[in-house]
Amino acid sequence: MGLSPAPVLVPVLLLLGATVNGQPRGRILGGYEARPHLKPFMASLQLDGQHVCGGFLVAEQWVLSAAHCTEETGDKLFQVLLGAHSLTEQEPHKRLYRVRAQFPHPGSNKHNNKDDLLLLQLEEKAELNADVQVLPFQREDRDVAPDTVCEVAGWGITSHSGRRPDRLQQVERPVISRDVCNHRTRHDGTITNNMMCTDSRRKDTCKGDSGGPLVCGGVAEGVVTAGSRVCGNYKKPAIYTRLAPYAAWIDGVMASADGEGDTR
């Protein structure tokens, strides 16, 4: 795409786990363009007009993403783009929303993937329509069976050369068991009961797609974590924060903040 040498270095740094302010955190490898607007729950978290992370609408005024996405934002609040397939083209229901408040899970930290969830309260309720819809998340605390094929989507970088897609990409990946994911040659015991993994051989998500949902059977089972790892390497499976263990936290934050407002 005619990228100059300097920008091409950025995704390499990201692969090594470095964080670059304003750059997308991760990518989908080996995927394909999603059919337009068939994932109306998808959100693009943006800073200064640039896509940084994914997310999804869990209630009319609430978007769920990954806490690691805030690491390089300073005191800035994200803006949230809803109703988009293309990040740049005109689309009938695309709209950029201001964020009233951001709520990272209190257990999240920059050193590991634990409790890697972020709730964003929009300044106003999203206007629901054919291209903007809430996605239900899993509330029953049970593991997804190994080999279940789930899907994930995002606007993250799509190649090692750093190409950034303008249109939403998706990929399907099979779930792998926690025992396999925790093998010493893979994540070596770091995957907790609040996490899950998918196979990452050549097709994968990574930091740029962080915050997006892992959807199994039409329900969000997990959120793409933003922790650094080599992407597309089968020895380092993709990691997600499971949502069922956090249902009470999600409900509690939304109820508490909604109770303080006067616009809902």
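Using R₀ = 35 Å, calculate the FRET efficiency as 1/(1 + (r/R₀)^6) where r is the Cβ-Cβ separation of Asp258 and Glu33; round to 0.05.
Values: r = 36 Å, r/R0 = 1.03.
After rounding to 0.05, the efficiency reads 0.45.
Over all distinct alpha-carbon pairs, what is the Kirkwood Rh of segment 148-244 in angstrom?
Details: mean 1/r = 0.0752 Å⁻¹.
The Cα-based Kirkwood calculation yields 13.3 Å.
Amide H to amide H, with H built 1.01 Å from N, Leu214 comes under 5 Å of Glu221, Gly222, Val223, Val224, counting only residues 5 or more places away or on other chains.
Taking a straight Cα-Cα cut-off under 17 Å and skipping sequence neighbours fewer than 8 places away in the same chain, the aspartates and glutamates within cross-link reach of Lys235 are Asp147, Asp179, Asp188, Asp199, Asp204. The packing ranking of peptides 41-47, 68-74, highest mean first, is 41-47, 68-74, where packing means the average number of other beta carbon atoms within 10 angstrom of each residue. Computed from phi, the 3J(HN,Hα) profile of segment 210-215 under the Karplus parametrisation 6.51, -1.76, 1.60 (θ = phi - 60°) reads 3, x, x, x, 8, 9 Hz, with x in place of Gly and Pro.
For the pairs Lys125/Lys203; Lys39/Lys236; Lys110/Lys203, note any where the Cα-Cα span goes beyond 32 Å. Long pairs (Cα-Cα over 32 Å): Lys125/Lys203.
Taking Cα centre as origin and charging only the Cβ of basic (Lys, Arg, +1) and acidic (Asp, Glu, -1) residues, the dipole magnitude of segment 148-244 rounds to 360 debye. If you look at the Cα atoms of segment 93-219, you get an Rg and a Dmax of 16.4, 47 Å. Working from label points 7 Å from Cα in the Cα-to-Cβ sense, the Ala130 to Ala248 distance is 4.2 nm.
Read-outs throughout are calculated quantities, based only on the coordinates presented, and are distinct from any laboratory measurement. None of these values were measured; they are calculated from a predicted model. Heads up, the Cβs are rebuilt from the backbone with ideal geometry, glycines too, and the neighbour counts pull from every protein chain shown.
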